[in-house]
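To start, the structure itself, in structure tokens.
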Amino acid sequence: MDEVTFEQELVLALLRDQHPDLADLELRDVSGGWDNQQWRLGEDLAVCLPRTERAPALLDMERTWLPTLAERLPLPTPTPVRAGKPSSLFEHTWTIARWVEGEPAD
């Protein structure tokens with residue numbers, strides 16, 4: 001998987017297919033990021049799609065560890081709340097996480 005960019009229509013289709021209760025929330029592109037392309041979903045969520053070779057494994061690790069670490073950290077953490085599954089629309093897992101306000105590090 002080379003670094004790629006995904007269109008908003010793909011994210012909307014994935015939401016309609018796997019998380020239809022979230023599909024009507026406003027979806028906005030977010031600039032920045034290295035391994036994942038992100039969109040803000042409504043006021044409180046973010047959608048993360050992996051766009052590099054290493055990103056799917058990193059998202060899996062985040063889904064495993066961030067919920068546990070978030071309780072122990074003294075700062076807001078983008079805790080995963082749902083997972084997207086590989087499908088005919090997109091071949092990798094993807095994540096819906098809590099949105100954390102701030103400036104991108106890059």
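No value in this document is a laboratory result; all are computed from the given coordinates. The structure presented is a predicted model; accordingly, all values stated were derived computationally and were not measured. In this analysis, Cβ positions are derived from the backbone assuming ideal geometry, glycine residues included, and neighbour counts consider all displayed protein chains.
Structure data summary
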item: Stokes-Einstein D in µm²/s, Kirkwood radius over Cα pairs - the chain at 37 °C with 0.692 mPa s viscosity; result: 234
item: Inter-label distance, nm, simple model (7 Å from Cα along the C-beta direction), Lys85/Asp17; result: 1.2
item: Cα centroid separation - region 75-90 against region 3-30, whole Å; result: 11
item: Gain in span if fully extended, Arg98 to Asp29, counting 0.36 nm per residue against the direct Cα distance; result: 23.3 nm
